[in-house]
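Q: The structure follows.
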Amino acid sequence: MADLWIPPNMEALVSDFLRNEPEMVDLVADRVYTAIPKDPTFPLVRVVQLLDTPADGAPLYAVAFEMQVEAFGGSKAEAWRIASTARALIDARLSGDYPGFGVVNGTRPGSLLDLPDEAFTPAKPRWLFSSTIYGRPGATVTS
């Protein structure tokens with residue numbers, strides 16, 4: 001049987017990471033999601049994986065994940081603070097081994113964007129950013 005390398009579920013890893021960082025708990029409690037609940041309580045954060053790009057020559061072992069983090073606040077200033085904090089935490093602390101998820105080898109933060117979410121009436125203040133997160137599996141899966 002061949003070994004399979006299954007890349008980490010980076011949405012789950014990043015949302016779990018942010019949900020457990022004290023600075024984020026102070027701002028949004030445990031409201032860090034990969035999908036916004038039907039009846040959301042604000043402020044909150046949504047983490048979405050946009051794409052993943054395998055490294056050249058590696059059989060799905062090393063992957064660059066493009067992640068988007070959206071911060072929804074009660075005010076524009078609150079949303080900015082949440083997004084800025086999440087971006088700083090990912091950049092400073094995310095690298096490492098996450099048993100059950102995988103390994104984060106490094107990050108490259110992106111720019112902040114003020115983009116109110118017009119799916120809400122009135123539009124909900126939202127700041128977002130993308131971040132490239134370099135990851136790999138923590139262990140092989142034998143098929």
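The values are calculated or read from the model by the stated rules, or taken from the named source; none is laboratory data. The structure presented is a predicted model; accordingly, all values stated were derived computationally and were not measured. No Cβ is skipped: glycine too gets one built from the backbone with ideal geometry, and neighbour counts run over all protein chains shown. Ligands, DNA and RNA are stripped out before the accessible areas are found, and what is left, the full protein with its side chains, is counted by its heavy atoms. Shrake-Rupley method; radii C 1.70, N 1.55, O 1.52, S 1.80 Å.
Q: Among the residues of region 37-50, what is the count of those that are open to solvent by 40 Å² or more (accessible area, probe 1.4 Å) and more than 12 Å from the chain's Cα centre (by Cα)?
A: 5
Q: Is it the case, given these coordinates, that D3 is open to solvent by 50 Å² or more (accessible area, probe 1.4 Å) and within 16 Å of the chain's Cα centre (by Cα)? Quick ask: steps written out before the conclusion?
A: On the way: open to solvent by 50 Å² or more (accessible area, probe 1.4 Å): yes; within 16 Å of the chain's Cα centre (by Cα): no.
No, not satisfied.
Q: So which of D56, D97 ends up being in contact (Cβ under 8 Å) with a residue 40 or more places away in the chain, more than 13 Å from P125 (Cα to Cα) and acidic (D, E)? Give the derivation first.
A: On the way: D56 fails: in contact (Cβ under 8 Å) with a residue 40 or more places away in the chain.
When all the criteria are applied, what remains is D97.
Q: Considering region 120-143 alone, what residues qualify as being without any contact (Cβ under 8 Å) to a residue 12 or more places away in the chain and either open to solvent by less than 70 Å² (accessible area, probe 1.4 Å) or among the basic types (K, R) (or both)?
A: F120, A123, A139, listed by residue number.
Q: Among (1) under 25 Å from D30 (Cβ atoms); (2) not polar (S, T, N, Q); (3) not in a strand (DSSP E or B), where does Y61 come up short?
A: For Y61, the exception is condition (1).
Q: Hey, could you check region 63-73 for residues that are touching a helix residue (DSSP H, G or I) at 6+ places or on another chain (Cβ under 7 Å) and either modelled with pLDDT under 95 or among the small types (G, A, S) (or both) and say which is surrounded by the most Cβ atoms within 10 Å (Cβ to Cβ)? Walk me through how you get there before you give the answer.
A: The initial filter retains those residues of region 63-73 that are touching a helix residue (DSSP H, G or I) at 6+ places or on another chain (Cβ under 7 Å), namely 65, 67, 69, 71-73.
Applying the additional criterion that residues be either modelled with pLDDT under 95 or among the small types (G, A, S) (or both) yields 71, 73.
On the way: A71: 28, G73: 22.
The qualifying residue surrounded by the most Cβ atoms within 10 Å (Cβ to Cβ) is A71.
Q: Still on this model: Return the residue satisfying two criteria in turn: it lies in region 74-119 and is in a loop (DSSP other than H, G, I, E, B) and over 25 Å from P8 (Cα atoms), and of such residues it is most open to solvent (accessible area, probe 1.4 Å).
A: Of all residues in region 74-119, those in a loop (DSSP other than H, G, I, E, B) come to 74-75, 94-95, 99-101, 115-116, 118-119.
Next, from what is left, pick out any that are over 25 Å from P8 (Cα atoms): 74-75, 115-116, 118-119.
Numbers: G74: 55, S75: 50, L115: 75, P116: 61, E118: 155, A119: 88 Å².
Once the filter is applied, the top-ranked residue is E118.
Q: Any residue that is part of a loop (DSSP other than H, G, I, E, B), within 22 Å of K124 (Cβ to Cβ) and of a type in the set (D, E) - is there at least one of those in region 8-31?
A: yes
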